[in-house]
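See below for the structure under consideration.
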Amino acid sequence: MAGIKRRVPMHSPRCFLSRADIFSKPGLLPWCARKPPGWSQLFLGSACKGNFTHVIAKKCQRGQKSQKKPSHLGPLDGSWQERLADVVTPLWRLSYEEQLKVKFEAQKKILQRLESYLQMLNGVSVTTAAPKSKGLCCLLHPIIPSPVIDGYRNKSTFSVNRGPDGNPKTVGYYLGTWRDGNIICVRSNQLKNMPEKHNQVAQYYEVFLRQSPLEPCLLFHEGGYWRELTVRTNSQGHTMAIITFHPQKLTQEELCVQKETVKEFFTKGPGAVCDLTSLYFQESTMTRCSHQQSPYQLLFGEPHIFEDLLGLKIRISPDAFFQINTSGAEMLYQTVGELSGVNSNTILLDICCGTGVIGLSLAQYTSQVLGIELVEQAVEDARWTAAFNGITNCEFHTGRAEKILPQLLKSKEDGQLIVAVVNPARAGLHHRVIQAIRNCRAIRTLVFVSCKPQGETTRNVVELCCPPNSAKKLLGEPFVLRQAVPVDLFPHTPHCELVLLFTR
């Protein structure tokens, strides 16, 4: 790839492996949690004043009458851990070199299907003067490996539900499906992508739950209170924990007791060994709540954690998007920057920018950076990061890209060229965003970062590359897909980021 400078490791794939060998190696040892002695007295003593504990326990019992009794599925042993690993990290039995071969082959097949779509469904000619990989619609580069293979996750969300032994206060990851009614919550200690710190916090949250008189909230309509746990960490070892809680019909005074109880556990009780940097509490009556819908309440510690990335100090809030693999993200963002070709005469448009790292890291090379992000906390983080690092040529806008982008592009059509970078969620880009990009003549280069290229990204690519279509309001000159670079941010899983370069 012209202009791309990176280390190519010895295990960079040059041939491909059948998937038949994926499940061929022995599993891992089981894990068991121990409850620290003496905590029950502390839990029911100074942390819970008055009679609120008994009142809440009675409310909880009333709310749980309709809930089925937990079924006993046997002890938690290695077989459950291996089953979870096979679901969450299905490539964990392969060497990393073999994993990269599997992923590279998968990216080839995605691009082959994409070429078929472009040729057959839309009549798009993919014949260009640019070099192409054989049988593909563009030049496919070797996969860029993750610098860290094990324990790379900087964010994990743990569920609460019945474990293999039937205990409803088990903290881990799900096996089974809600549709089939066979959900089992299994501890995640043997997942190779999970850092020890995350497992430690989850273990002590489980200890806390099993001492609490309140039941967990397994199904909203059946009552219960304690819900999921999210753990965020940085490369310095700082740890943020976020506990989600269904308030049901508790009074504010009763809620305060629960917040004080969990705070006491993680500051003075057994959970203090987790050495949390911050603990947040969110009251939520929905599956997912943003900070705007239900504010994150800081129970103790620092309101943010920080990460050093590409020479910048990045601020991270509880709700902000940040790539799950920090060291892998550096490789990803360097690749985006090199493909973008930005210079002092271009404007960089960073769509779905999260905490703004891509735009901020390239700000010194371009005349201006314009970032768009839905999550308000992430935009506040991006603005803080820009100010802290002395970056003055960046603007960040909060809201849906399909609403903000058309007006923002109208104000910038003054002849200056625009390089667009898009990094959407798995659902891909909204059709109106594609329209705005296609119809803005100033955008000549587009870098598309896809975490699920076989999904909605296919529709996005077809709309970017198809001939003008007045019915779909795609009036601008079509883009041509030139290059594709796979970047592995998710070792032990089949997933891979795919960076696509379009020009016109």
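The values are calculated or read from the model by the stated rules, or taken from the named source; none is laboratory data. If you're wondering where the values come from, they're calculated on a predicted model, not measured in any experiment. Here the Cβ is made from the backbone with ideal geometry for all residues, glycine too, and neighbour counts use every protein chain on show. In case anyone asks, the SASA skips ligands and DNA or RNA and just uses the protein heavy atoms, side chains included. Shrake-Rupley method; radii C 1.70, N 1.55, O 1.52, S 1.80 Å.
In this simple spin-label approximation, Leu219 and Gln293 carry label points 7 Å from Cα along the Cα→Cβ vector, and these lie 2.1 nm apart. Apolar share of the accessible surface for the stretch 155-303: 47 percent from carbon plus sulfur atoms, 1.4 Å probe. Solvent-accessible surface of the stretch 351-406, taken per residue with a 1.4 Å probe and all protein chains present: 38 Å². Sites listed here are GluC sites (Glu not before Pro) in the stretch 408-504 whose DSSP assignment is loop and whose Cβ has at most 16 other Cβ atoms within 10 Å: Glu413. Roughly how many whole Å is it from the C-alpha centroid of the stretch 272-295 to that of the stretch 469-490? What the calculation gives is 37 Å, centre to centre.
Ser470 to Asp165: FRET efficiency via 1/(1 + (r/R0)^6), r the Cβ-Cβ distance, R0 60 Å, to the nearest 0.05?
Details: r = 62 Å, r/R0 = 1.03.
For R0 = 60 Å, the calculated efficiency reads 0.45.
Between the beta carbons of Thr285 and Arg441, assuming R0 = 56 Å, the FRET efficiency works out to 0.75 to the nearest 0.05. Annotation for the stretch 234-263: trypsin sites (Lys or Arg not before Pro) lying in DSSP loop with at most 16 further Cβ atoms inside 10 Å of their Cβ are Lys249. D for the stretch 155-303, whole µm²/s, Stokes-Einstein with Kirkwood Rh over alpha-carbon pairs at 20 °C and 1.002 mPa s: what number? Translational diffusion coefficient: 137 µm²/s.
Do any trypsin sites (Lys or Arg not before Pro) in the stretch 280-341 lie in a DSSP loop with no more than 14 other beta carbon atoms within 10 Å, and if so, which?
Numbers: sites: Arg288, Lys313, Arg315; in loops: Arg288.
Filter output for the stretch 280-341: Arg288.
Applying 1/(1 + (r/R0)^6) with R0 = 45 Å to the Cβ-Cβ distance of Ser344 and His431 gives a FRET efficiency near 0.85.
For the peptides 484-491, 468-475, what is the packing order when you average, over each peptide's residues, the other Cβ atoms within 10 Å and list the highest mean first? Walk me through the numbers before you get to the answer.
Working: 484-491: 24.5, 468-475: 12.0.
Ranked from most to least packed, the peptides come out as 484-491, 468-475.
Taking a ≥ b ≥ c as the square roots of the eigenvalues of the Cα gyration tensor, the stretch 224-315 is oblate, since a/c reaches 1.5 or more and a/b is not larger than b/c.
Other residues with beta-carbon under 10 Å from the beta-carbon of Arg432 carry, at +1 per Lys or Arg and -1 per Asp or Glu, a net charge of +2. Sticking with the crude label model, points 7 Å out along Cα→Cβ, report the distance from Thr503 to Lys109 in nm, one decimal please. The two pseudo-label positions are separated by 3.2 nm. Rounded to the nearest 20, the Cβ-based charge dipole of the stretch 214-276 about its Cα centre (Lys and Arg +1, Asp and Glu -1) stands at 180 debye.
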